[in-house]
Every structure is written in C-alpha cells, then in structure tokens.
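The values are calculated or read from the model by the stated rules, or taken from the named source; none is laboratory data. Note that the structure is predicted; figures quoted are calculated from it, not measured. Quick reminder, even Gly has a Cβ in these numbers, built from the backbone with ideal geometry, and neighbours come from all protein chains shown. Side chains are part of the model used for accessible areas, which takes the heavy atoms of the whole protein and leaves out ligands, DNA and RNA. Shrake-Rupley method; radii C 1.70, N 1.55, O 1.52, S 1.80 Å.
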Amino acid sequence: MTRLIQTLFAPTVIFALASSPAWSNPSRWVHEWPNTDFTIHSVDLAEIRNGGPPKDGIPAIDDPAFVSVADENGLHEREPVMTVEIADQVPRAYPVRYLIWHEIVNDIIGDTPVAVTFCPLCNSGLIFDRRLGNEQLSFGVSGKLRKSDMVMYDRETESWWQQFEGVAIVGEMTGAVLDQVPGWVESWLDFRTRNPGGLVMIQPSHRRPYGANPYVGYDSSFSPFLYSGENPPHDIPPLSRVVVVGDRAWPLTRVREAGEIIEDGVRIKWKEGTASALDTNAIAEGRDVGSIRVRDAATGADIPHDVAFAFAFHAFTPEGRWMIE
C-alpha cells in the first residue's frame with residue numbers, strides 16, 4: 001500500500017475494495033502474467049489480491065552499491081537497518097529507509113546470492129539464499145498480496161513466492177523453498193559501533209522520499225490492510241510485534257520486559273534504541289521498538305528469525321506455538 005492509496009482511499013473505501021472480487025481476479029492475471037503457469041498452485045488463487053501497485057510498480061533493487069561505515073553520514077543513529085553478517089565476509093547493512101520503498105534487494109555477499117526482503121504490511125524482514133539447486137534466481141515485487149503479505153516473483157520462471165515463508169505458491173516452482181540466511185534489524189548506531197569496518201547500502205537512484213514512512217501510523221492501526229483472517233489468540237493485538245522462530249512466536253512485549261529470554265533452545269535478547277519504521281512520518285522519529293537478536297542457546301550461533309506482526313504469524317502458522325509465559 002503506497003502513500004497514494006492511503007491518501008485517496010478512506011478506511012471505509014479500503015474495506016469495500018478489500019471485499020470486492022476486483023481485488024482478486026485470477027482470470028485477468030493470465031493476461032497480465034503470460035509466463036506464469038497458473039495451472040500449478042499450492043494455494044487458493046482467490047486468496048491472492050491486487051495490492052495496488054502493478055508488477056514492478058515497487059521496483060526491486062539489483063546490484064546495490066555500498067560505502068564504508070565511515071563514509072555514511074546521512075542516516076540517523078536510531079534508524080533501522082537490516083544486518084547480514086556472513087562468515088569471512090564484511091558485514092552489510094541495508095537501511096530500512098530504502099527497503100520500505102523497494103521491498104527486495106538482490107545482492108551477492110561473497111559467494112552467496114541473497115534476497116533481502118521487507119514487507120511493511122507484515123513488518124516482516126527476511127533474508128533468503130537465492131540459489132535453488134544449480135539455479136540462481138532473482139526476485140521482483142508482483143504487486144500482489146496474500147494474507148496482507150508481499151507476493152514476490154522470480155524473474156526466471158515468473159513463479160510467485162510468499163515472502164513470509166520463502167515458498168513458491170504459484171507457477172512451475174510451486175512447492176520450492178528458499179533457505180533463510182540469518183539476519184536481524186537493529187539501529188544504525190548499533191551496526192556501525194559493532195562493525196566500524198562494515199559496509200552500508202547507499203541511496204538508490206530512484207526518485208523516492210527516502211527517510212519518510214509511506215505507512216504513517218500503520219503499526220498502531222486496529223487491523224491490517226487487505227486482511228480478513230482470524231485475529232491472533234490470547235488477546236494479542238493483530239499489529240503487535242512478535243519474535244518468530246520457526247513455528248514459535250514470543251510477544252515482543254514479553255521479551256522487552258525480560259530483556260533476555262532463554263528457553264526452548266534459543267536465546268532472545270532485546271536492546272533499546274531502534275525506531276519503528278512504521279510509526280511517524282520521519283522514520284528516524286519513530287517510537288523505540290528496540291532490536292532483537294536470536295541465537296542458539298547452546299552454540300551461540302545466530303538463528304534465522306523474524307520480528308513480524310502477530311496476525312501474520314497466526315495467518316501463516318495457524319498451529320504455531322505462542323510463547324506467552
């Protein structure tokens with residue numbers, strides 16, 4: 001959902017459109033996506049809706065450029081960045097101020113091709129290995145949503161992929177699963193302090209108001225955009241954040257209060273100082289939601305995880321475990 005949609009559509013109009021069949025039209029998609037095999041799919045196509053922008057209307061970034069931490073002076077200390085630290089490679093930071101407008105960055109770190117993804121509507125930030133067998137994929141933004149989560153597509157087969165799960169759901173790749181690369185969201189200050197020799201992605205060449213949040217107040221909304229599923233159990237607000245590790249979800253409020261939780265084989269630590277990207281107009285001024293790091297409790301190795309909205313975890317993991325106490 002872009003700022004234009006927010007401006008033009010009042011909440012009542014959004015609800016009406018979200019309920020309209022026009023927002024889910026598989027027969028028309030055949031003409032829009034002639035290279036996608038719609039006879040193969042693992043989900044009900046009626047669950048997939050037009051999110052507003054067309055295919056590539058939100059342009060993914062390919063081959064991003066970087067500068068050293070010392071040469072970056074345009075980011076505020078509290079701004080969130082997605083961090084990727086792969087062994088023997090210089091750590092990289094991908095500012096959310098860019099990801100919120102592009103949602104996917106196709107990059108290569110050493111020998112590992114990665115897709116750094118961020119779905120603002122689910123607050124889901126995941127990093128995937130773009131290799132599948134002997135093939136290397138690249139990803140774009142389809143403009144479609146399922147359960148309010150971004151549907152990506154690979155440019156090689158134009159199959160559609162669920163970002164929250166890293167699973168192909170439509171087309172010849174249906175059923176394929178991407179490996180997840182450990183990464184996390186933290187403040188720019190934390191990244192540069194820990195990695196003085198690190199690299200940070202520079203501003204793309206597109207014309208966007210980088211640093212501004214096109215979803216002002218979204219993470220304090222009552223309900224998600226284009227979502228008609230069940231609310232989470234235990235009276236957990238749909239747009240509250242949860243730490244997702246596999247089929248388990250820890251409410252961020254619980255982790256924040258404890259500071260650190262060690263249970264079920266994982267160590268989850270909260271640190272203050274990171275602004276919400278989905279709060280105020282200026283991302284740097286967002287309220288402090290802190291950062292999360294998840295490690296194996298026995299080895300200390302970083303574990304792939306997400307800090308997503310509760311409704312998304314419940315939508316995609318209905319049998320998941322809620323670690324509420």
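A few comments on the model shown:
- Filter pass, T253 being of a type outside the set (G, A, S) and closer than 30 Å to D71 by Cβ: no
- Qualifying residues in the stretch 283-318 (those that are of a type in the set (D, E, K, R) and either closer than 18 Å to I268 by Cβ or assigned to a strand (DSSP E or B) (or both)) - the one nearest to the chain's Cα centre (by Cα): D306
- The stretch 21-68, residues that are among the aliphatic types (A, V, I, L, M), open to solvent by 40 Å² or more (accessible area, probe 1.4 Å) and not in a loop (DSSP other than H, G, I, E, B): A22, V30, A46, V67
- Residues that are among the small types (G, A, S), in contact with a strand residue (DSSP E or B) (Cβ under 8 Å, 6 or more places away or on another chain) and either open to solvent by 10 Å² or more (accessible area, probe 1.4 Å) or modelled with pLDDT under 95 (or both), drawn from the stretch 184-217: G197, G211, A212
- Some residue of the stretch 69-91 being among the hydrophobic types (A, V, I, L, M, F, W, C), farther than 26 Å from D37 by Cα and without any contact (Cβ under 8 Å) to a residue 60 or more places away in the chain: yes
- Taking the criterion of being in a loop (DSSP other than H, G, I, E, B) and surrounded by 24 or more Cβ atoms within 10 Å (Cβ to Cβ), the only residue of the stretch 141-158 that qualifies is S148.
- Residue in the stretch 10-20 that is β-branched (V, I, T), modelled with pLDDT of 95 or more and open to solvent by less than 50 Å² (accessible area, probe 1.4 Å) present: no
- Test: S220 is surrounded by fewer than 20 Cβ atoms within 10 Å (Cβ to Cβ) and either farther than 16 Å from N123 by Cα or of a type in the set (A, V, I, L, M, F, W, C) (or both): no
- Selection count, the stretch 291-324, where residues are touching a helix residue (DSSP H, G or I) at 6+ places or on another chain (Cβ under 8 Å), more than 30 Å from S42 (Cα to Cα) and surrounded by fewer than 22 Cβ atoms within 10 Å (Cβ to Cβ): 2
- Residues that are open to solvent by 10 Å² or more (accessible area, probe 1.4 Å) and either among the small types (G, A, S) or within 21 Å of V141 (Cα to Cα) (or both) within the stretch 85-96 comprise just one, A87.
- Filter result (open to solvent by 10 Å² or more (accessible area, probe 1.4 Å) and not in a loop (DSSP other than H, G, I, E, B)) within the stretch 223-247: R241, V244
- Here L99 meets the list (1) surrounded by 24 or more Cβ atoms within 10 Å (Cβ to Cβ); (2) under 14 Å from D306 (Cα atoms) almost entirely, failing just condition (2).
- All positions within the stretch 69-84 that are at pLDDT 95 or above and either in a loop (DSSP other than H, G, I, E, B) or open to solvent by less than 40 Å² (accessible area, probe 1.4 Å) (or both): V69, L75, H76, E77, R78, E79, P80, V81, M82, T83, V84
- E257 being among the acidic types (D, E), part of a helix (DSSP H, G or I), out of contact with any Asp or Glu (no Cβ under 7 Å at 6 or more places or on another chain) and open to solvent by 20 Å² or more (accessible area, probe 1.4 Å): yes
- Residue, nearest to the chain's Cα centre (by Cα), within the stretch 170-204, restricted to residues that are in a strand (DSSP E or B), closer than 17 Å to D129 by Cα and in contact (Cβ under 8 Å) with a residue 60 or more places away in the chain: W184
- Pick from the stretch 34-61, criterion in contact (Cβ under 8 Å) with a residue 60 or more places away in the chain and of a type in the set (D, E, K, R), ranking: nearest to M173 (Cα to Cα): D37
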